[in-house]
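To start, the structure under review is shown below, and the notes come after it.
Bear in mind these aren't lab numbers, they're just calculated from the coordinates by the rules spelled out. All values derive from a computational prediction rather than experimental measurement. Every residue, glycine as well, gets a Cβ built from its backbone with ideal geometry; the counts of neighbours run over all protein chains shown.
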Amino acid sequence: MRITEQQPGVNKRFIDPASVSKRMDGRKITNSVFKTLFFMATLVALLVLGILFYRILSQGIGFLSADFFQNFASRFPEKAGIKAALVGSLWLMAVVAPVSMFHGIGTAIYLEEYAKKNRVNDFIRMNISNLAGVPSVVFGLLGLTIFVRALALGNSILAAGFTMSLLILPVIIVAAQEAIRAVPQHVREASYGMGATKWQTIVRVVLPSAIPGILTGSILALSRAVGETAPLIVIGVPVIIQFLPSGVMDTFTALPMQIYDWAKRPQADFQKVASAGIIVLMAFLLLMNSIAVLIRNKFQKRY
Amino acid sequence: MVQLMNRTDKETQAAVSPVEAPIRETAKPVVYDTKQLNLWYGSHHALKNIDLPIRENEVTAIIGPSGCGKSTYIKTLNRMVELVDGVRTSGEILYRGRNIFDAKYSVEELRTRVGMVFQKPNPFPKSIYDNIAYGPRIHGIKNKKILDEIVEQSLRGAAIWDEVKDRLSTNAYSLSGGQQQRICIARALAIEPDVILMDEPTSALDPISTLKVEELVQELKENYSIIIVTHNMQQAARISDKTAFFLNGEVIEFDDTNKIFQNPADQRTEDYISGRFG
Ligand SMILES: Nc1ncnc2c1ncn2[C@@H]1O[C@H](COP(=O)(O)OP(=O)(O)OP(=O)(O)O)[C@@H](O)[C@H]1O
Ligand SMILES: [Mg+2]
């Protein structure tokens, strides 16, 4: 509007083309300096990762045999196997996945869809994000106090599963909240506008759009639970176990516990066994992350 | 707008849709009766002492400058405005004789009787079929045969059946904006409402889609009562029977569309429709 009111040619010129082109070279140099800098930063990360992979693979690959998956722990490196730990980790997941996802997604739905925007709820929201930063050993202590002792679950799969669920709950909640918030308000309005209840709207409109994001976040959180050691040590999960658990009340051991135990043994060969264990753990995590990526790519909805 | 003004009265009358004699219309029963409605967003007084009787089988246009409360009013009619935090209302809106602000009045029931078409097309990211079947499904219809019939009838009603009948299972987002808006109209028809609220339904559409929606409104008024917000004066003049002019949250004038556009009682109405402000 204002431009048309002005006389043509009266517009003042503030940008001088000559000085712009004079400064152009300097700007381009700065640009490439930073580009190189950031590339180097990436390179360092890749390098570290590469060395890690190389060391572990070259050390551990020799111990990766069918026996390794079928044997229990042993005093002799060549007889040591990962069976108990692998099965234990699967049991742990079987508890952590449903407990943490049900709880986390439910909380996120409540906070995003039902809770009113007031100070109390803002305070809750803020503190959930803060909880995600609490060290895992603290969650271990919490689990020890509540599940192991107060509820007398002992060092069972259930106690460890609950503890791990608490640990990753904040991450799942935050991821699910973000996924739910990304569903545009106008499709909710469309649903309410036809007389749908809040629950119908959540189930039929919000969740179908949010579920890929929720699952991706949850799986990444679960893979954190697979790799965590500290809480397990605190609640007293043993490392040497010669049987497979037959229920959630049995005790167990998990991959990172087993690796930790091998790694701290003096014999050089046990270092190699530890590397083989790490390969298994990394394969486990890689598998979970690829499932997350797969879900994200397959079900992602665009508006 | 300027063009509209430059015409003589006679021409304007011809341009305005051929409405039936206003005398007969006043006999139609009132669907929505707004009485002394006030609405606040927090401390912002957005609607002030609104009184509006809206009659059956008529198209009522709501016009007024941006920010005057048109959307707020139309969203109050189906209580969608309550999705905004911190909204307060006073006064009453009687829908078919019952006050919708009654504590016992169920919003879900109200919104089943009163369909809404939004300014921006907002289909669900689902197939065309599922979009239309959404309303009937949430109200408990599961029978596939019945759903099929509802979908066809609604799409025909929204004048889009021929364009989409061969691709009912494709995502509604693959349609053009104008087609999406007609899908949204069809979706509103599928709940068999009594009243249809439309908030600038053609503001995002090209002239041809706009024309289609306008023709549709003309057909729909045979069976429904329609309340339509529009920024387009010609559109209001073409398609509506009654027009309400809003300004700063107040209804300045409410009368037959012919009267508003040819002989407005209030100077501010005349200024607005002649494009002198707004
Ligand atoms: N969610 C909200 N919170 C606070 N104030 C609001 C909200 N929505 C609208 N308002 C205010 O209420 C007044 C009326 O807004 P409304 O959206 O009803 O205007 P409108 O007539 O539909 O305008 P437009 O023609 O631009 O769509 C405006 O002053 C606006 O700033
Ligand atoms: Mg508006």
Check your understanding: Out of every Cα pair in the protein assembly as shown, what percent are spaced more than 46 Å from each other?
Key -> 41
Review point. By DSSP, what percent of the beta bridges with both residues in the protein assembly as shown are antiparallel, rounded to the nearest 5?
Key: 60
Review point. Using a simple charge model, +1 on the beta-carbon of Lys and Arg, -1 on the beta-carbon of Asp and Glu, nothing else, what dipole does the protein assembly as shown show about its Cα centre, in debye to the nearest 20?
Key: 2060
Check your understanding: Could you work out the helix-only [θ] at 222 nm for the protein assembly as shown, with each DSSP H run of four or more residues adding -39,500 (n - 2.57) and the total divided by the number of residues, to the nearest 500 deg cm²/dmol?
Key -> -16500 deg cm²/dmol
Exercise for review: Quick one: check the C-alpha center-to-center distance for the stretch B:136-168 versus the stretch B:40-109, whole angstrom.
Suggested key: 30
Check your understanding: If you rank A:Trp199, A:Trp262 by fewest surrounding Cβ atoms within 10 Å, what's the result?
Key -> A:Trp199, A:Trp262
Review point. Please identify the chymotrypsin sites (Phe, Trp or Tyr not before Pro) of the stretch B:234-278 that satisfy two criteria: DSSP loop assignment and at most 12 other Cβ atoms within 10 Å. Which are they?
Key: B:Phe277
Revision key, fill the gap. Expressed as a whole number, the average count of other chain Cβ atoms within 10 Å around the Cβ atoms of B:183-191 is 1
Review point. Can you give the convex hull volume of the alpha carbon atoms of the stretch A:20-63 per residue, in Å³?
Key: 41
Check your understanding: Over what distance in Å are the Cα centres of the stretch A:110-126 and the stretch B:206-278 separated?
Key -> 41
Review point. Where in chain A are the DSSP H helices whose alpha-carbon span along the long axis reaches 20 Å or more and whose Kyte-Doolittle mean is at least 0.5?
Key: A:17-60, A:83-109, A:157-181, A:207-227, A:268-299
Review point. Given labels modelled 7 Å from the Cα in the Cβ direction, how far is it in nm from B:Asp266 to B:Ala204?
Key: 3.1
Review point. Given the pairs B:Lys28/B:Lys242; B:Lys75/B:Lys120; A:Lys198/B:Lys35; B:Lys35/B:Lys120; B:Lys221/B:Lys242, which are separated by over 21 angstrom at their Cα positions?
Key: A:Lys198/B:Lys35; B:Lys35/B:Lys120
Study note, to complete from the structure: Relative to chain B, whose Cα atoms define the longest principal axis, helix B:207-220 and its Cα axis are tilted in degrees, nearest 10, by 90
Revision key, fill the gap. Put in order of increasing Cβ neighbours within 10 Å, starting from the fewest, B:Arg156, B:Arg111 give B:Arg156, B:Arg111
